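Below you'll find the structure, written out as structure tokens, and then a few comments.
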Amino acid sequence: VFLAIICSLGAAILSQYCNKKLVNSEPTEKLLNLMFFGCLILGWLAALFFRPFDFNPYIALAGFVNFAAGWSFTRGIKIGLAQTILLSPLTVVVAVALSAIFLGEWHFIDPRSSGGALTLFGGSGILIAAGFFATGRRHEFVVRRQWVGMAAVYVLIAGLVTFLIKYFAVQEVSPANFLVSWYSGAWFGSFLPLLIKGGWSIKIARDKLF
């Protein structure tokens, strides 16, 4: 267990280091397009292995919306890695709140239970820390509007997406259906900024990564 924890921490640190390097050297839109394309290929391979499968347009639409969360998260990392990573647990808080409203899972945010109290306490702590990040840096009371905007979009949409994953799991959607539909929608969504900006090619230099 200890070795698994160490490996997980090492992988998380290395992945975020690479993320920071890549988003500082390459356009966000192209990186995400490439990433979702790779996920789509893996999804189709898994679907071919676990046949039969059906394409679900509602899941594809959710995946399309998920691109906005990925784009906001990547833009947030470009502005500031530490504060953006810090906000990631807030997406779970949003998902829990939506689950309580639409799936009746109120016990997750019930302050009378240990789990609910921890959820509320942890969410409040993250909000306070994010507030310090947002109003710090150049001037104590100057809000970094660009990062705050990216962070807000990321937390809300990623929280919604996390809830939708939970919802589709409750509906007993098969993994193959989910992967193909989800990443098809996300990949098509990643073309929107590319079409707007008119950029397609991507070259990642090794010296920019290390």
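The values are calculated or read from the model by the stated rules, or taken from the named source; none is laboratory data. If you're wondering where the values come from, they're calculated on a predicted model, not measured in any experiment. So basically every Cβ, Gly included, is an ideal-geometry build from the backbone, and we count neighbours across all protein chains shown. These area figures cover heavy atoms from the full protein model, side chains too; ligands, DNA and RNA do not enter into them. Shrake-Rupley method; radii C 1.70, N 1.55, O 1.52, S 1.80 Å.
Cβ-Cβ contacts under 7 Å between residues 6 or more apart (or on different chains), taken from a first residue in region 40-60 that is acidic (D, E) to a second residue that is open to solvent by less than 40 Å² (accessible area, probe 1.4 Å), are listed as D54/N177.
Say whether the condition of being hydroxyl-bearing (S, T, Y), modelled with pLDDT of 80 or more and either crowded, with 16+ Cβ neighbours inside 10 Å or out of contact with any strand residue (DSSP E or B) (no Cβ under 6 Å at 6 or more places or on another chain) (or both) is met by at least one residue in region 6-28. Checking region 6-28: not a single residue is hydroxyl-bearing (S, T, Y), modelled with pLDDT of 80 or more and either crowded, with 16+ Cβ neighbours inside 10 Å or out of contact with any strand residue (DSSP E or B) (no Cβ under 6 Å at 6 or more places or on another chain) (or both). Among the numbered conditions (1) among the aliphatic types (A, V, I, L, M); (2) open to solvent by 60 Å² or more (accessible area, probe 1.4 Å); (3) modelled with pLDDT of 80 or more, the only one that V1 does not meet is (3). The set of residues in region 78-103 that are in contact (Cβ under 8 Å) with a residue 60 or more places away in the chain and open to solvent by less than 30 Å² (accessible area, probe 1.4 Å) comprises G80, Q83, T84, L87, L90, T91, A95, S99.
Could you list all residues from region 160-195 that are under 12 Å from A68 (Cα atoms), open to solvent by less than 50 Å² (accessible area, probe 1.4 Å) and either modelled with pLDDT under 80 or in a helix (DSSP H, G or I) (or both)? V161, G185, A186, G189, F191, P193, listed by residue number.
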